Amino acid sequence: QVQLVESGGGLVQAGGSLRLSCAASGRTASSYVMGWFRQAPGKERKFVAAISWTGDNTGYADSVKGRFTISRDNAKSTVYLQMNSLKPEDTAVYYCAAASSWYISRIRREYDYWGQGTQVTVSS
């Protein structure tokens with residue numbers, strides 16, 4: 001069992017930055033692929049970024065590539081999502097997720113554990 005707790009969301013103006021954190025606890029939490037997804041009101045939850053358990057491999061949605069950076073600190077069992085050049089369309093609830101797969105997945109159903117989400121609102 002892995003527990004995930006997100007933090008760092010908030011209100012920011014367009015062009016600004018935020019850094020989300022996801023603290024993981026539980027057995028072998030650092031060995032999971034970690035991902036970030038987001039869900040805007042009335043829309044489905046979508047993939048944002050993911051990182052391998054070693055941190056060597058990452059993947060991004062095209063909509064955030066070049067603006068967002070995912071990283072992890074296994075010593076702290078924490079995953080980060082640095083979000084720069086934020087746009088109003090980035091407004092959503094952001095969820096951290098953990099997958100026991102050996103590859104980076106962009107598919108929601110392949111993630112086994114989820115956090116409660118943190119709200120990010122970008123004003124124009």
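Key figures for this structure:
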| item | result |
| --- | --- |
| Separation in nanometres of the label points that stand 7 Å from Cα toward Cβ, at ALA40 and ASP56 | 3.6 |
| Whole-Hz ³J(HN,Hα) from phi, Karplus 6.51 cos²θ - 1.76 cosθ + 1.60, for region 80-94, glycine and proline x | 10, 10, 8, 10, 10, 6, 5, 10, x, 6, 7, 4, 4, 8, 9 |
| Carbon + sulfur, % of accessible area of region 46-92 - ligands and nucleic acids excluded, 1.4 Å | 45 |
| Selected from ALA24, GLY10, GLY42, residue furthest toward positive end of dipole (region 5-62; charges at beta carbon) | GLY42 |
| Check: the chain dipole with +1 on Lys, Arg Cβ and -1 on Asp, Glu Cβ, in debye | 100 |
| For the chain, share of DSSP beta bridges that run antiparallel, in % to the nearest 5 | 90 |
| From phi via Karplus (6.51, -1.76, 1.60), per-residue ³J(HN,Hα) for region 101-113 in Hz, x at Gly/Pro | 6, 8, 10, 6, 10, 9, 9, 4, 5, 8, 9, 8, 10 |
| Nearby lysines by direct alpha-carbon distance to LYS65 (threshold 17 angstrom, same-chain neighbours under 8 apart not counted) | LYS46, LYS87 |
| Computed over the chain: relative contact order in percent, which uses C-alpha pairs under 8 Å that are six or more apart | 36 |
| Å² per residue, accessible surface of region 68-124 at 1.4 Å | 51 |
| Phi to ³J(HN,Hα) by Karplus 6.51 cos²θ - 1.76 cosθ + 1.60 over region 42-55, Hz, x for Gly, Pro | x, 10, 7, 6, 10, 5, 10, 7, 8, 9, 5, 5, 7, x |
| Residue-normalised accessible area of region 1-64, expressed per residue, 1.4 Å probe, Å² | 52 |
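The values are calculated or read from the model by the stated rules, or taken from the named source; none is laboratory data. From a predicted model like this one, the values you see are computed outputs, not experimental measurements. Methodologically, a virtual Cβ is constructed for each residue, glycine included, from the backbone with ideal geometry; neighbour enumeration extends over all protein chains shown. Calculation scope for accessible area: heavy atoms of the full protein, side chains included, ligands and nucleic acids excluded. Shrake-Rupley method; radii C 1.70, N 1.55, O 1.52, S 1.80 Å.
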